[in-house]
Amino acid sequence: MSRHKDRLSSISRRSFLACAGGASLGLPWLESFANAKDSKTKTPAKRMAFFYLPNGITRRGFFPGEGDRPLPKFAGQNNVWRFEGKTVPSGSHPLTLTPTLAPLHKMRKKVSLITGMDRTFQHGTDSHAQCASCFLTSVAPYEVKNSAYPLTRTLDHVAADSIGQTTPYSTLELSCNDHKNNIESIYFDNMSWYGTGHVAPSMRNPRKVYDRLFGTQLHARFRNITDLALGNARQLQKRLSTTDRRKFEEYFESVRTIETRMDRIDKMKSELAAANIKRPAEHLPRNEYIHLMGDLLVMALQNGLTNVGSLMVGPERWTTATNWEGILDKPYSHHGMTHAIGTHLEHLLKLDRFHVFAFARLLERMEGIEEANGTTLLDNPIFTLGAGMGDGTTHQYNDLPLVVAGGGGGKLKLGSHIHCKQGTPLANLWLTQLQALGIRRKKYADSTGVIPEIQA
């Protein structure tokens, strides 16, 4: 017994090994292990994450000052359309939450709205293909050889070169795309790239993501990974303080909840298949799917499995109708609706608001997770919501919708609306974030400087 206790006393606060099946399970920070010889420093890890919106957004609902603007007419991929109506001057302003941004109300002091930024664009190639694939590159087109797109090593991998080398996964790429008809190229469904022409493919199946993150090994006598870990968990709990015991129980409950939700989704898919009901290729309930993948991303960040992650809530341009259970009354093509905004304005506003709600939900969850130094999980990463298109109808690559959350360990100022001067490259935001993470760079892609208004 003493030998077992000695072994437990040296367990890392981040993980332990379930001897029953050899499955590794990450753990949240627990004060009971603060003095263990292998415990990490009290300074939380530097982290970066992205929450990507496909097909742009509906400007009327998202941007302050545009609530009564006329609906734009459809414009093709080489359009350089800009809204010329009433807007805010450049600089820092109090944060106004528009109807689309309203779900961020509880987190309004932990986010900043960034507007006016432009993404690098290469004329003559598809605008949608450049949205997600080039969102994190911002490289000037002339700098890229043998590629149709201004695409090189993306920001997440650049950051991971510095802050992702001590975690099991240097980066984690997720996508909420369950479509089976692969009608588009990899440029429409991936935002992470090792380099030009070398995609870091996103994972789409939440079950596979879970198994990859937590190293599940299937055994007939055990139902899931938490069953494998419970034997050691019960021993571990005996050494925890009352506070840590509560956190420990909450953590296991969150793991159980995710597994239960995946079981429910699998059951629904089986029942639908047996009933031979005609449905679009998207089988997962949309709201459940996005929430589940977001929870997996947060758990990976929380438990030190990765310090850099991205989540695409859907693919660019795919015309396949999607089931929007609990949001819209029947399946619709998100991309198709953006090309007929006069007919689908209310549908698009509902979708945009739901996407922001899904982001806000993750922020609220992160705010409730304590880090080693008394801060929260939301205080330390930089978590960015954004799109590679300023409007899905106009296909504009300028004036992008961006929300930055998390303080980067106190390096960023939040709670405001920063409107950049016309023509400010998106790379300026990426450079600002890299510097906030302690990565020494004077330039990133086509950056012209940093955004001083958001620097602490």
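For beta carbons closer than 7 Å, sequence separation of 6+ or different chains, a first residue in region 435-456 that is within 22 Å of GLY91 (Cα to Cα) and in contact (Cβ under 8 Å) with a residue 60 or more places away in the chain and a second that is surrounded by 13 or more Cβ atoms within 10 Å (Cβ to Cβ) and basic (Lys, Arg), the qualifying pairs are ILE454/LYS413.
Quick grid of which residues meet (1) out of contact with any strand residue (DSSP E or B) (no Cβ under 9 Å at 6 or more places or on another chain); (2) of a type in the set (Ser, Thr, Tyr); (3) within 20 Å of LEU155 (Cβ to Cβ):
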residue	(1), (2), (3)
LEU297	no, no, yes
SER333	no, yes, no
ARG361	yes, no, no
ASN380	yes, no, yes
THR393	yes, yes, no
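Quick check on region 305-319. Is at least one of its residues under 29 Å from GLU364 (Cα atoms), at pLDDT below 85 and surrounded by fewer than 21 Cβ atoms within 10 Å (Cβ to Cβ)? So far as region 305-319 goes, no, none of its residues is under 29 Å from GLU364 (Cα atoms), at pLDDT below 85 and surrounded by fewer than 21 Cβ atoms within 10 Å (Cβ to Cβ). crowded, with 21+ Cβ neighbours inside 10 Å, among the aliphatic types (A, V, I, L, M) and either over 22 Å from the mean Cα position of the chain (by Cα) or assigned to a strand (DSSP E or B) (or both), is that true of VAL450? Here the answer is no, as VAL450 does not meet what is asked. A single member of LEU328, LEU363, LEU349 is of a type in the set (A, V, I, L, M, F, W, C), at pLDDT 95 or above and surrounded by fewer than 21 Cβ atoms within 10 Å (Cβ to Cβ), and it is LEU349.
The single condition among (1) surrounded by fewer than 19 Cβ atoms within 10 Å (Cβ to Cβ); (2) under 19 Å from ALA387 (Cβ atoms); (3) in contact with a Pro (Cβ under 9 Å, 6 or more places away or on another chain) that HIS123 does not satisfy is (2). Screening region 410-435 for residues that are within 13 Å of VAL450 (Cβ to Cβ) and among the charged types (D, E, K, R) and picking the one that is surrounded by the most Cβ atoms within 10 Å (Cβ to Cβ) gives LYS411.
For ASP156, the stated conditions do not hold, so it cannot be described as free of Cβ contacts under 8 Å to residues at least 60 places away in the same chain, among the acidic types (Asp, Glu) and part of a helix (DSSP H, G or I).
Quick one: VAL404 ticks every box in (1) in a loop (DSSP other than H, G, I, E, B); (2) in contact with a strand residue (DSSP E or B) (Cβ under 9 Å, 6 or more places away or on another chain); (3) not hydroxyl-bearing (Ser, Thr, Tyr) except a single one, so which number is it? Answer for VAL404: the failing condition is (1).
Of all residue pairs spaced 6 or more apart or on separate chains, those with beta-carbon atoms under 7 Å, a first member in region 196-213 that is without any contact (Cβ under 8 Å) to a residue 60 or more places away in the chain and a second member that is among the aliphatic types (A, V, I, L, M) are THR196/VAL144; THR196/LEU151; VAL199/ILE186; MET203/LEU174; MET203/VAL209; ARG207/MET262. Answer yes if at least one residue in region 127-139 is hydroxyl-bearing (Ser, Thr, Tyr) and surrounded by fewer than 21 Cβ atoms within 10 Å (Cβ to Cβ), and no otherwise. No, the conditions are met nowhere in region 127-139.
Residue count for region 436-445 under the criterion of being farther than 21 Å from GLU143 by Cβ and buried (at least 17 other Cβ atoms within 10 Å of the Cβ): the result is 2. Please tell me if PHE354 is farther than 21 Å from HIS93 by Cβ, part of a strand (DSSP E or B), touching a residue at least 12 places away in the same chain (Cβ under 8 Å) and of a type in the set (A, V, I, L, M, F, W, C). When the stated conditions are applied, PHE354 does not pass them. Scanning region 412-446 for residues that are in contact with a Lys or Arg (Cβ under 9 Å, 6 or more places away or on another chain) and assigned to a loop (DSSP other than H, G, I, E, B) returns LEU414, GLY415, LEU426, LEU437, GLY438, ILE439. Residue selection: LEU437 satisfies the criterion of being within 23 Å of LEU296 (Cβ to Cβ) and at pLDDT 95 or above.
The values are calculated or read from the model by the stated rules, or taken from the named source; none is laboratory data. Predicted, not measured: the structure shown is a model, and the values here were computed from it. Ideal geometry is used to build each Cβ from the backbone, glycine not excepted, and the neighbour counts take in all protein chains shown.
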